[in-house]
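As structure tokens, the structure follows; a few thoughts come after it.
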């Protein structure tokens, strides 16, 4: 049975700038993409995105046939909005607000972020801190483009937050009801599997896992990251693998694409790249990205 169209995307190399990343995504056959708007290993709490640079990205998107609302921005990895250490938490909060600002200038669907680690603090208190950081970002950036602040579930290593539906629900509960449409969450398949959520034994089990997040939060996921896992079930290790070449296997991704909750939202691959580096003016697709998009397209038409 043919599955309706899904918005498949990649996170391409951005060597040479974001317009070239757009071209690489299109060359892979993607109709969505994920990007960084600043180096992901820094807080970037003072980095802005100038309108002229955004205009160049918009032109590249239009030429590639990729809608702005199919663009997902990934926040810096170093932001730890769950931290019990006030200087770190405040800096992460400022960084998240700037991520939302830059994402809004792009007109992106959303800005997704990892909540961070609770450290030695109470997990509920940590979840509340994450929610307050989201609320701060929404306060700082006026609503305009429709860009959302989106929590990404985590693999659960150490004291990292966002492993369970309940933790994500607590984070979102800190946002005033009138702003909730500007927030949400997304699910990474590798993170789900590594955190011990059953997405691989049957289509029914996978649906039940997603159902648990929907029940806890009151809403469906706003995006999915499509990644296989290098490590076993419930390992709590966040190491991505090419689809069908890891411990999850290929078939669960076919089930996921058939789930109605994957319709109309970015479904972005974060699988390993074939190329370690890219010449700045090379706008060809990464071979692995092109192969993974073709695999998923095959699931949709089989």
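Bear in mind these aren't lab numbers, they're just calculated from the coordinates by the rules spelled out. Bear in mind the structure is a predicted one, so any value in this text is a computation, not a measurement. Methodologically, a virtual Cβ is constructed for each residue, glycine included, from the backbone with ideal geometry; neighbour enumeration extends over all protein chains shown.
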Quick one: 225, 74, fewest Cβ neighbours within 10 Å first, how do they rank? 74, 225
Let me have the 222 nm mean residue ellipticity of the chain computed from DSSP H runs of 4+ only, each contributing -39500 (n - 2.57), with the sum over all residues rounded to the nearest 500. -12000 deg cm²/dmol
Based only on other Cβ atoms within 10 Å, what is the fewest-to-most ordering of 275, 182, 6? 275, 182, 6
If you average the C-alpha positions of region 228-302 and of region 24-43 separately, how far apart do those two centres end up, in angstrom? 14
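I need the semi-axes of the equivalent ellipsoid of region 170-302: take the C-alpha gyration tensor, multiply each eigenvalue by 5, square-root it, list largest first in whole angstrom.
Numbers: eigenvalues 140, 72, 47 Å².
Semi-axes from the Cα gyration tensor: 26, 19, 15 Å.
Please report the antiparallel percentage of the DSSP beta bridges confined to region 7-301, to the nearest 5.
On the way: 3 of 28 bridges.
So the antiparallel bridges amount to about 10 percent of the total.
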Tell me, what does the Kirkwood hydrodynamic radius of region 1-142 come to in angstroms if you use every pair of distinct C-alpha atoms? 15.9
With P(r) over Cα pairs in 20 Å bins from 0, in percent as the read-out, I listed (1) 33, 59, 8; (2) 36, 60, 4; (3) 32, 49, 17, 3, 0; which label goes with the value calculated from this structure? (2)
What list do you get for 283, 71 if you sort them by fewest beta carbons within 10 Å? 283, 71
